[in-house]
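Here is the structure we will look at.
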Amino acid sequence: MNTGDFAWKTSRLWLSPLTFFLARTHAYGRERIPAEGGCVFAINHLAWIDIPVVGAQSPRNINYVTKIEARNVPGFGKFLDWHGIISIRRGESDRDAVRAMVEYARAGRVVGVFVEGTRQKETKRPGYVQPGAAMVAIQAEVPVIPIAVYGTQFWKLGNFAPCTMAVGEPFRFEGIQRGGKGYKEASLEIERRLNVLFDWLAGVHAQGRPKGLTPPL
């Protein structure tokens with residue numbers, strides 16, 4: 001198991017400050033992230049900068065789930081590998097990847113899943129949640145932490161558009177059975193919570209991102 005902890009330790013020295021500077025990142029509800037134990041970060045996906053924004057704001061290292069094509073990009077793919085990514089074949093039933101995700105979660109790791117499976121470039125808001133995050137949480141019996149990201153849809157290199165994340169309350173899918181029906185039901189709940197957080201963040205941005213606010217559940 002490649003945890004990527006050493007790479008995360010070194011990247012936090014330069015990539016995190018760079019992300020704070022370029023994207024003026026802020027987070028609400030960080031205290032809701034468990035200090036230890038396996039869990040699934042269920043994150044909406046608007047732009048590539050979502051990855052460093054959440055990574056910089058997270059107090060814990062993340063084993064992100066990424067499409068396998070990213071691993072083949074010269075240089076960048078190796079950089080991702082160092083950080084303990086879990087590669088998945090997008091649009092396919094990738095049992096090996098799901099098995100790896102469950103293994104990481106059971107081992108006490110944070111598995112980071114961009115739940116729509118691709119960036120929402122057209123709608124610029126959370127989209128349909130694929131079953132991956134729910135599947136891992138149910139099989140590994142770990143909590144889901146919904147994380148909404150807002151502002152990255154407006155960010156471009158050099159415009160310093162503020163990017164913000166809101167962390168919802170951790171929750172478990174107790175009583176939901178394994179299988180397609182259960183995963184769909186659980187995914188709809190993740191989708192609902194992400195939309196609530198996202199709309200809340202839109203209002204927070206309209207107010208100028210005041211400090212001391214607590215995101216909704």
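The values are calculated or read from the model by the stated rules, or taken from the named source; none is laboratory data. Just so we're clear, the structure is a prediction, and the values are computed from it rather than from any experiment. Glycine also receives a Cβ, built like all others from the backbone with ideal geometry; neighbour counts cover every protein chain displayed. Side chains included, ligands, DNA and RNA excluded: accessible areas come from the protein's heavy atoms. Shrake-Rupley method; radii C 1.70, N 1.55, O 1.52, S 1.80 Å.
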Practice problem: Being β-branched (Val, Ile, Thr) and over 19 Å from Ala47 (Cα atoms) is the filter here, so list the residues in segment 132-157 that pass it. | Solution: Val136, Ile138, Val142, Val144, Ile145
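If I filter segment 121-133 for residues that are outside any loop (DSSP other than H, G, I, E, B) and either in contact (Cβ under 8 Å) with a residue 12 or more places away in the chain or under 13 Å from Tyr64 (Cα atoms) (or both), do I get at least one hit? It would help to see each step written out before you state the result.
Within segment 121-133, the first condition is being outside any loop (DSSP other than H, G, I, E, B), and the residues that meet it are 132-133.
Remaining after also requiring either in contact (Cβ under 8 Å) with a residue 12 or more places away in the chain or under 13 Å from Tyr64 (Cα atoms) (or both): 132-133.
Yes; the residues of segment 121-133 include at least one that is outside any loop (DSSP other than H, G, I, E, B) and either in contact (Cβ under 8 Å) with a residue 12 or more places away in the chain or under 13 Å from Tyr64 (Cα atoms) (or both).
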Quiz item: Taking only pairs six or more apart or across chains, which ones have beta-carbon atoms under 8 Å, a first residue in segment 106-117 that is open to solvent by less than 10 Å² (accessible area, probe 1.4 Å), and a second residue that is among the charged types (D, E, K, R)?
Solution: Val110/Arg60; Val115/Glu191
Exercise. Give the residues of segment 134-145 that are outside any loop (DSSP other than H, G, I, E, B) and among the β-branched types (Val, Ile, Thr), sorted by residue number.
Key: Val136, Ile138, Val144, Ile145
Quiz item: Quick check, is Lys211 under 21 Å from the mean Cα position of the chain (by Cα), closer than 25 Å to Thr25 by Cα and free of Cβ contacts under 8 Å to residues at least 24 places away in the same chain?
Solution: no
Quiz item: If we keep just the residues of segment 100-117 that are among the small types (Gly, Ala, Ser) and under 12 Å from Asn2 (Cβ atoms), which is nearest to the chain's Cα centre (by Cα)?
Solution: Ala100
Exercise. Would you be able to say whether some residue in segment 11-20 is in a loop (DSSP other than H, G, I, E, B), open to solvent by 70 Å² or more (accessible area, probe 1.4 Å) and not aromatic (Phe, Trp, Tyr)?
Key: no
Exercise. Considering only residues that are aliphatic (A, V, I, L, M) and under 18 Å from the mean Cα position of the chain (by Cα), look in segment 163-181 and name the one that is surrounded by the fewest Cβ atoms within 10 Å (Cβ to Cβ).
Key: Val167
Quiz item: Restricting the search to segment 3-31, which residues are of a type in the set (Lys, Arg), touching a residue at least 60 places away in the same chain (Cβ under 8 Å) and in contact with a Gly (Cβ under 9 Å, 6 or more places away or on another chain)?
Solution: Arg24
Quiz item: Out of (1) touching a strand residue (DSSP E or B) at 6+ places or on another chain (Cβ under 7 Å); (2) open to solvent by 10 Å² or more (accessible area, probe 1.4 Å); (3) at pLDDT 95 or above, the odd one out for Gly132 is which?
Solution: (3)
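Yes or no, residue by residue, for (1) over 15 Å from the mean Cα position of the chain (by Cα); (2) buried (at least 17 other Cβ atoms within 10 Å of the Cβ); (3) in a helix (DSSP H, G or I); (4) among the hydrophobic types (A, V, I, L, M, F, W, C):
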{"site": "Ile147", "(1), (2), (3), (4)": "no, yes, no, yes"}
{"site": "Trp155", "(1), (2), (3), (4)": "yes, yes, no, yes"}
{"site": "Tyr183", "(1), (2), (3), (4)": "yes, yes, yes, no"}
{"site": "Phe198", "(1), (2), (3), (4)": "no, yes, yes, yes"}
{"site": "Gly203", "(1), (2), (3), (4)": "yes, no, yes, no"}
Quiz prompt | Extreme residue, surrounded by the fewest Cβ atoms within 10 Å (Cβ to Cβ), among residues of segment 32-87 that are farther than 20 Å from Leu197 by Cβ, in contact (Cβ under 8 Å) with a residue 60 or more places away in the chain and among the small types (Gly, Ala, Ser) | solution = Gly37
Self-check item: Tally of residues being within 24 Å of Val136 (Cβ to Cβ) and in contact with a Pro (Cβ under 8 Å, 6 or more places away or on another chain) across segment 187-216
Solution: 9
